[in-house]
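First the structure, in the form of structure tokens, and then the observations on it.
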Amino acid sequence: MNPQLFQLICFYAFGFVTVTAALSVITLRNTVHAVLALVLTFFSAACLWMLLDAEFLALALIVVYVGAVMVLFLFVVMMLDIDQEKMREGFVKFLPVGLIVAAAMLVEMLGLIGVRAMHMQVMGADPAAAAGTSNTAWLGHALYTQYLLPFEVAALILTVGVVAAVALTLRQRADARYESASQQVKVNPRDRVRLVKMAAERPVDESPVPPQESKS
């Protein structure tokens, strides 16, 4: 079989699975099944990235989203007791508005794709292929040499965002109990445990004697 034809068949197959799984995310009634469909959507999208010679994006999508984020989502959804009936109460009521908004977004995206396609300039050769290396190796070399400062700034911004999120969600409670690691280390076992020596004695049988019945 022609390699280009096989790649085209794989592209359409992965695209069909991606679109079907994405539609299943918003149509399935079971929340756990919807999360699993989203996992399949990410995996199929990663396969599409792999066909486009973007190995780094494909592996990052699988490792970060499928391997970490979606597993966390699935764990949270399975632990929560979600009332499915209450979530479906306003679905039919707001369905026309949702369809209008979805149609408007679809028209805008198609128009944007058409405008970009008409004004798209011919891109140069693939720099990774020109350098004779893989996409991941070329991206890593460019990221840690030419764009090292923006990479460090982005890492600093993400770190500040994580610390700020923890600081904003932290709540001090008066009735909460806290443990001090320094005080636990300074504890002397002799002050906490007391050994008491007691003589062993045979227990005395003090079971009550049943009264004897009197004979008339």
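The values are calculated or read from the model by the stated rules, or taken from the named source; none is laboratory data. The model shown is predicted, which means the values in this text are computed figures rather than measured ones. Glycine also receives a Cβ, built like all others from the backbone with ideal geometry; neighbour counts cover every protein chain displayed.
So R116 ticks every box in (1) charged (D, E, K, R); (2) at pLDDT 75 or above; (3) not in a loop (DSSP other than H, G, I, E, B) but one. Which box is left unticked?
Single failed check for R116: (2).
Output the residues belonging to the range 98-108 that are modelled with pLDDT of 80 or more and either among the polar types (S, T, N, Q) or within 30 Å of T31 (Cβ to Cβ) (or both).
Once the filter is applied, which keeps residues that are modelled with pLDDT of 80 or more and either among the polar types (S, T, N, Q) or within 30 Å of T31 (Cβ to Cβ) (or both), the range 98-108 yields L99, I100, V101, A102, A103, A104, M105, L106, E108.
Working carefully through the options D175, D191, find the one that is outside the structural domain of G140 (by TED's automatic domain parsing) and in a helix (DSSP H, G or I).
Numbers: D175 fails: in a helix (DSSP H, G or I).
The conditions single out D191.
What helices (runs of 4 or more DSSP H), lying completely within the range 1-83, carry at least 2 residues that are closer than 25 Å to W138 by Cβ and modelled with pLDDT of 85 or more?
In the range 1-83, the matching helices (runs of 4 or more DSSP H) lie at 3-27, 31-51, 55-60.
Out of the residues in the range 193-211 that are at pLDDT 75 or above and not aliphatic (A, V, I, L, M), which is surrounded by the most Cβ atoms within 10 Å (Cβ to Cβ)?
Looking at the filtered set, the residue picked out is R194.
Among the listed residues A45, A21, which satisfies the condition of being small (G, A, S), under 17 Å from the mean Cα position of the chain (by Cα) and closer than 30 Å to V76 by Cβ?
Only one candidate passes the filter, namely A45.
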